[in-house]
Amino acid sequence: MQAAVVVFPGSNCDRDAAVALAEATGRPPYLAWHRDSALPAVDLIVIPGGFAYGDYLRAGAMAARSPVMREVVARAGRGTPILAICNGFQVATEAGLLPGVLMRNADLRFVCRDVHLKVESDKTPFTAHYRPGQVIRIPIAHAEGNYFADAATLAEIEARGQVAFRYCAADGAVTAAANPNGSQHNIAGLFNRARTVLGMMPHPERLADPLLGGSDGKAMFTSLIAALS
Amino acid sequence: MREAAAPEITPEVVAAHGLSPEEYARALQILGREPNLTELGIFSVMWSEHCSYKSSRKWLKRLPTTAPWVICGPGENAGIIDIGDGQAVIFKMESHNHPSFIEPYQGAATGVGGILRDVFTMGARPIANLNALRFGAPEHSKTRHLLAGVVAGIGGYGNCVGVPTVGGECTFHPSFNGNILVNAMTVGLVARDRIFYSAAAGIGNPVVYVGSKTGRDGIHGATMASAEFDERSEEKRPTVQVGDPFTEKLLIEACLELMKTDAIVAIQDMGAAGLTSSSFEMASKGGVGIELDLDCVPARESAMSAYEIMLSESQERMLMVLKPGREAEAAAIFEKWEVDFAVIGHVTDSGRMVLKMAGATVADLPVAPLSAAAPVYDRPFQATPPRPELDCASLALSPDLGPALLALLACPDLAAKRWIWQQYDHMVMADTIQRPGGDAAVVRVHGTEKALALTTDCTPRYCAASPEAGGAQAVAEAWRNLTAVGARPLAITDCLNFGNPERPEIMGQLVGCIEGMREACLALDFPVVSGNVSLYNETNGKAVQPVPGIGAVGLLADCRRMASLGLKQPGMRLLLIGDTAGHLGQSLYLREILGREEGPPPPVNLAAERRNGDFVRAAIARGEIDTCHDLADGGLLVALAEMCLAGGIGARIARPAADQASAAAIPAAAWAFGEDQGRYLVALPEDLAASFLASAAAAGVPAASLGRSGGEDLTLEGSFTISVAELGAANEGWLPAYMAQP
Amino acid sequence: MKARVHITLKSGVLDPQGKAIGHALSSLGFTGIGEVRQGKVIEIELAESDPATARASIEAMCTKLLANIVIENYTIAIDA
């Protein structure tokens, strides 16, 4: 499997994503610079975490209008799987790859900690190696992860089963107390309708190595390899 | 301040620039004429306490700075140590106290930006940040606002640049009501053969400016950082700089990319006193002159004067000397990262700093006399009188230890600081293998099995009571914290925060702390490789407690042979390493439970410290123990409770019979909460306990069995049983509740 | 000429920053505080001299980048 990682000047999880991908696939990903308007043939595109252009107007707003994103959106339209992590999720919503928007955390503070996530489905290339209903532990690190969509959009997302992960307690209960940022319906990760684009605030690449305190993120990478190789 | 057509240099103007009449006379002598305003401004910042270390330099020389693994000691932007395999670590800690008091978010943020630049200017990629924060009393009206702003500022900057903030400390005391301390540390990783220094060289070589444009930010910030506060200081707000972490990130990437080539001769960040100190430092270190055309300096505002350009403290800027003909190659890299790049001058053989604007010379100063001949003061000092021994018999020590333990765990200094460090991205770069909240943070050296252990330490109340003992204790505790995770302590950076050195009693604290540090550094083979001095931390004549903050770095050869404080499973034997004398003077128990700040601090026995620490570290390296915690604030029971909390497992212990026999000498509360130094708590499998105790005895290391891990409660036999959940509620509750108040 | 774009959250979208400001104002003793909403102002200098053309171009900037129309409204003021 050949992956590409999009690199904006303020990306700062690009290396972490590249390391996790190289570890999983045995081959370093292609690094796509934000000014590139063409990409080589790849099986997966990762939009990593960070602060793409400083996140100064709105998180991800300017990045979504960059040359490389025009190509990413085109590839997504042709079915290339896109994994958009943290700032990448913000970029993906701003680019229209996913519905809704990520607003300032409800308590207004940046939050970096492990959270529990309930896996909603294993019928996707991203989550095949998880079990539906499985509770996994993955870190978050963001100030703007508060998922918002209007009522009609939200109803449609739920009806189509587009929610990938929900914040939950250690026992899997989806509660307000387990919601770290105020996201509607505890949404931590979201698919597009075709389930070929996944946006998620948690960082699977940060817990894919037991030395770092856990490896629940690893199954996402093995799922992708199994599906795309 | 704007430059008038031909401003007259009156004694008032000289005084407003913080120069004493003697210093001004010296300037006249060096120059052989009266300086113009630009030149006076340059003298003023170059000779400020902040840039010249004029009050402390004599004493800083006392600190040991060498060891076989030290590549570069104090004097450069940051210190450098060898970690083997052709790799080196560059690190430094620096204060941003005054700016953070005036504008906490921007003050703290730009503090982080500044210390990052000190490290990447030498070629290292920053891999970890730490911070040591001292605030006033929690009930003081400004404390909550300052704490919230400082933490948000540190997070806002560090999170954006993508360097994990992995550790630090945060304590409170009324002496910081009017002067908080914000000390930030950056640790970077570099290949040994890719280190960059600041000495300019090569007559005719281009001098290049990169980074943000220059505005009228923070003009005279370096002078502000060297003057006492008074009631009007909050009016000085416009001199505080604003940070742009996104530009810093671009600057890091662009500089590191250029550093992969051999185009750079010398590089220096523009910190306090901006273009002035960076250009003088480069010229002075290289023994050359520099001519700058200030019209070429990228400016953010129109009609800036030479004075303003030279003294601006706009952030995210660097100065470089390139090899001739390499400008285009360098410019292309900075263009890629969308960062300003401008050739603003060249290296000369004149030994002078010549500044031109609109074709005219606006300043012409000799480099060497200004930098090297900056004033050095041998200020009078008065030693801090020793505190009388505490008479334990006179203390109303309650034998009821449970409530005291809960109260200590919930007191501001010991309460969990999760509310703070959760606002810092401490995991970015995916190498953080011990997160904040332990004895030391541990970050893996990327792509290797090695790891760095990092900590910041100081106990200001000890330093106030006895600067010597406090200075030694700060170094020893840093050494112990690195040891507790299994690392070999390598070197320290110091950030010395004191009041007004013109007062002999403050100078006495500075001298005493340095002497104590020196002894500990020598005894523990733990040299000082970089540092910073912040003086005049006082308001209306009330100084802060002396804080010789220590930032320390240690090395783990194999990051799988590492210890952490959390109890990992039930049924482990708990052993106490080190001697317990029940020292309560200056303890948190005395202050928080009995409301008294009295007595001398605990003595530091450096020989015992080293013996006990070396023994513990060797046991971790052999894989015998993976659970270890140093004993510090709050003593034995607080340490044990922290181990229970970190692991989510209880423990049952009893006071050793040997101690009970001498119970008359050590009251229960002193045994439980005394802050004797050089101690550790370790947990190990039952079947290893006997041989461990035997080898401790053979090594002359005091070790005693206390009990076992297990269950959901912490029990001290014959005294109390408290659930781990209740301990956790006490420990975790205070800070979020405090910060939630309006 | 200069254009001033006001961007505000659509009504019904939770505004935690506005809420926090309202809370802070109340705790400072200001009474009678109703709902507080925070927005942003973006000032843009334009070479264009025709107000109608300028407005049309700012309009395009708003929909393309300056505002996220999922959650934000905007108004445009042109200073001649």
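For region B:327-339, does any single residue satisfy the condition of being surrounded by 21 or more Cβ atoms within 10 Å (Cβ to Cβ), touching a strand residue (DSSP E or B) at 6+ places or on another chain (Cβ under 9 Å), within 14 Å of chain A (Cβ to nearest Cβ) and more than 30 Å from B:N97 (Cβ to Cβ)?
Taking region B:327-339 as the starting set, the residues that turn out to be surrounded by 21 or more Cβ atoms within 10 Å (Cβ to Cβ) are B:330, B:333-334, B:339.
If we keep only those that are touching a strand residue (DSSP E or B) at 6+ places or on another chain (Cβ under 9 Å) too, we end up with B:330, B:333-334, B:339.
Next, from what is left, pick out any that are within 14 Å of chain A (Cβ to nearest Cβ): B:333-334, B:339.
Within this subset, residues satisfying the condition of being more than 30 Å from B:N97 (Cβ to Cβ) are B:333-334.
Yes, region B:327-339 has at least one match.
Is there a residue in region B:587-594 that is on the phi > 0 side of the Ramachandran plot, in a loop (DSSP other than H, G, I, E, B) and not aliphatic (A, V, I, L, M)?
No, because not a single residue in region B:587-594 is on the phi > 0 side of the Ramachandran plot, in a loop (DSSP other than H, G, I, E, B) and not aliphatic (A, V, I, L, M).
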Inset, instruction - Scan region A:139-176 for residues that are surrounded by 12 or more Cβ atoms within 10 Å (Cβ to Cβ), among the charged types (D, E, K, R) and over 17 Å from the mean Cα position of the chain (by Cα) and jot them down. - result: A:D150, A:E156, A:E158, A:R160
Legend entry - B:P403 assigned to a loop (DSSP other than H, G, I, E, B), free of Cβ contacts under 8 Å to residues at least 12 places away in the same chain and away from chain A (no Cβ under 14 Å): no
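Within region A:10-49, which residues are charged (D, E, K, R) and without any contact (Cβ under 8 Å) to a residue 60 or more places away in the chain? Outline the logic, then answer.
So in region A:10-49, the residues charged (D, E, K, R) come out as A:14-16, A:23, A:27, A:35-36, A:43.
Result: A:D14, A:R15, A:R27, A:R35, A:D36.
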Inset, instruction - Return a yes/no flag: does region A:68-78 have any residue that is surrounded by fewer than 22 Cβ atoms within 10 Å (Cβ to Cβ), more than 29 Å from B:G156 (Cβ to Cβ) and in contact with a helix residue (DSSP H, G or I) (Cβ under 7 Å, 6 or more places away or on another chain). - result: no
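Okay, residues lined up against (1) over 26 Å from B:S723 (Cβ atoms); (2) among the basic types (K, R); (3) under 29 Å from the mean Cα position of the chain (by Cα); (4) not in a helix (DSSP H, G or I):
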| position | (1), (2), (3), (4) |
| --- | --- |
| B:I620 | yes, no, yes, no |
| B:D633 | no, no, yes, yes |
| B:A639 | no, no, yes, no |
| B:E642 | no, no, yes, no |
| B:A646 | no, no, yes, no |
| B:I649 | no, no, no, yes |
| B:R652 | no, yes, no, yes |
| B:A658 | yes, no, no, no |
| B:A665 | yes, no, no, yes |
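Residues are listed down the side, and each one gets a yes or a no for (1) surrounded by 24 or more Cβ atoms within 10 Å (Cβ to Cβ); (2) of a type in the set (D, E, K, R); (3) at pLDDT 95 or above; (4) at negative phi:
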{"site": "A:R15", "(1), (2), (3), (4)": "no, yes, yes, yes"}
{"site": "A:A18", "(1), (2), (3), (4)": "no, no, yes, yes"}
{"site": "A:T25", "(1), (2), (3), (4)": "no, no, no, yes"}
{"site": "A:L39", "(1), (2), (3), (4)": "no, no, yes, yes"}
{"site": "A:V42", "(1), (2), (3), (4)": "no, no, yes, yes"}
{"site": "A:I45", "(1), (2), (3), (4)": "yes, no, yes, yes"}
Inset, instruction - Among the numbered conditions (1) over 25 Å from A:A155 (Cβ atoms); (2) within 14 Å of chain C (Cβ to nearest Cβ), tell me where A:I136 comes up short. - result: (2)
Legend entry - Residues (within 12 Å of chain A (Cβ to nearest Cβ) and surrounded by 24 or more Cβ atoms within 10 Å (Cβ to Cβ)) located in region B:444-463: B:A451
Legend entry - Given (1) within 14 Å of chain A (Cβ to nearest Cβ); (2) in a helix (DSSP H, G or I), number of the condition B:A416 does not satisfy: (2)
Legend entry - Meets criteria (among the small types (G, A, S), touching a residue at least 24 places away in the same chain (Cβ under 8 Å) and buried (at least 24 other Cβ atoms within 10 Å of the Cβ)) for B:G167: yes
Inset, instruction - Please tell me if B:M122 is crowded, with 21+ Cβ neighbours inside 10 Å and part of a loop (DSSP other than H, G, I, E, B). - result: yes
Inset, instruction - Run down A:D114, A:D122 and say which single residue is more than 14 Å from chain C (Cβ to nearest Cβ), in contact with a Pro (Cβ under 6 Å, 6 or more places away or on another chain), within 19 Å of B:D425 (Cα to Cα) and not hydrophobic (A, V, I, L, M, F, W, C). - result: A:D114
Inset, instruction - Return a yes/no flag: does region B:464-482 have any residue that is closer than 16 Å to B:I550 by Cβ, under 17 Å from the mean Cα position of the chain (by Cα) and within 14 Å of chain A (Cβ to nearest Cβ). - result: no
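Being more than 25 Å from A:A20 (Cβ to Cβ), at pLDDT 95 or above and either in a helix (DSSP H, G or I) or of a type outside the set (A, V, I, L, M) (or both) is the requirement here; does B:T456 meet it? I'd like the intermediate steps shown before the answer.
On the way: more than 25 Å from A:A20 (Cβ to Cβ): yes; at pLDDT 95 or above: yes; either in a helix (DSSP H, G or I) or of a type outside the set (A, V, I, L, M) (or both): yes.
Against the criterion (more than 25 Å from A:A20 (Cβ to Cβ), at pLDDT 95 or above and either in a helix (DSSP H, G or I) or of a type outside the set (A, V, I, L, M) (or both)), B:T456 qualifies.
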Legend entry - For B:I344: the one exception among (1) in contact with a Phe, Trp or Tyr (Cβ under 8 Å, 6 or more places away or on another chain); (2) not in a strand (DSSP E or B): (2)
Legend entry - Filtered residues of region A:168-219 (kept if of a type in the set (A, V, I, L, M), farther than 18 Å from A:H142 by Cβ, in contact (Cβ under 8 Å) with a residue 60 or more places away in the chain and away from chain B (no Cβ under 14 Å)): A:A194, A:V197, A:A219
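Results for (1) assigned to a loop (DSSP other than H, G, I, E, B); (2) of a type in the set (D, E); (3) within 29 Å of A:F148 (Cα to Cα); (4) within 14 Å of chain B (Cβ to nearest Cβ), shown as yes or no for each residue.
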residue	(1), (2), (3), (4)
C:V5	no, no, yes, no
C:G12	yes, no, yes, no
C:T31	yes, no, no, no
C:V41	no, no, yes, no
C:S49	yes, no, no, no
C:I69	yes, no, yes, no
C:T75	no, no, yes, no
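If you check B:A665, B:A703, which single one turns out to be more than 22 Å from B:C411 (Cβ to Cβ) and at pLDDT 95 or above?
Numbers: B:A665 fails: at pLDDT 95 or above.
Residue meeting the stated conditions: B:A703.
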Legend entry - Criterion: touching a residue at least 24 places away in the same chain (Cβ under 8 Å), in contact with a Pro (Cβ under 7 Å, 6 or more places away or on another chain) and not in a strand (DSSP E or B) - qualifying residue of B:G188, B:G204: B:G204
Inset, instruction - Quickly run through region B:254-302 and pick out the residues that are buried (at least 23 other Cβ atoms within 10 Å of the Cβ) and within 14 Å of chain A (Cβ to nearest Cβ). - result: B:A254, B:C255
Inset, instruction - Could you identify the single residue in C:I58, C:I69 that is of a type in the set (A, V, I, L, M, F, W, C), exposed (fewer than 15 other Cβ atoms within 10 Å of the Cβ), within 16 Å of the chain's Cα centre (by Cα) and closer than 22 Å to A:A64 by Cβ? - result: C:I69
Legend entry - Residue count, region B:347-395 (criterion: surrounded by 15 or more Cβ atoms within 10 Å (Cβ to Cβ), hydrophobic (A, V, I, L, M, F, W, C) and not in a strand (DSSP E or B)): 9
Inset, instruction - Could you tell me whether any residue of region B:46-56 is surrounded by fewer than 21 Cβ atoms within 10 Å (Cβ to Cβ) and basic (K, R)? - result: no
Inset, instruction - Restricting attention to region B:129-160, report how many residues are within 14 Å of chain A (Cβ to nearest Cβ) and not in a helix (DSSP H, G or I). - result: 1
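For region A:119-136, enumerate the residues that are among the basic types (K, R) and without any contact (Cβ under 8 Å) to a residue 60 or more places away in the chain.
We begin by selecting, within region A:119-136, every residue among the basic types (K, R); these are A:123, A:131.
If the condition is that a residue be among the basic types (K, R) and without any contact (Cβ under 8 Å) to a residue 60 or more places away in the chain, then A:R131 is the only one that fits.
Are any of the residues in region A:143-157 charged (D, E, K, R), in contact (Cβ under 8 Å) with a residue 60 or more places away in the chain, within 13 Å of A:F191 (Cα to Cα) and more than 14 Å from chain B (Cβ to nearest Cβ)?
No, that holds for no residue.
The values are calculated or read from the model by the stated rules, or taken from the named source; none is laboratory data. What you see is a predicted model; the values in this text were computed from it and never measured. FYI the Cβ positions are ideal-geometry reconstructions off the backbone, even for glycines, and counts take in every protein chain you see.
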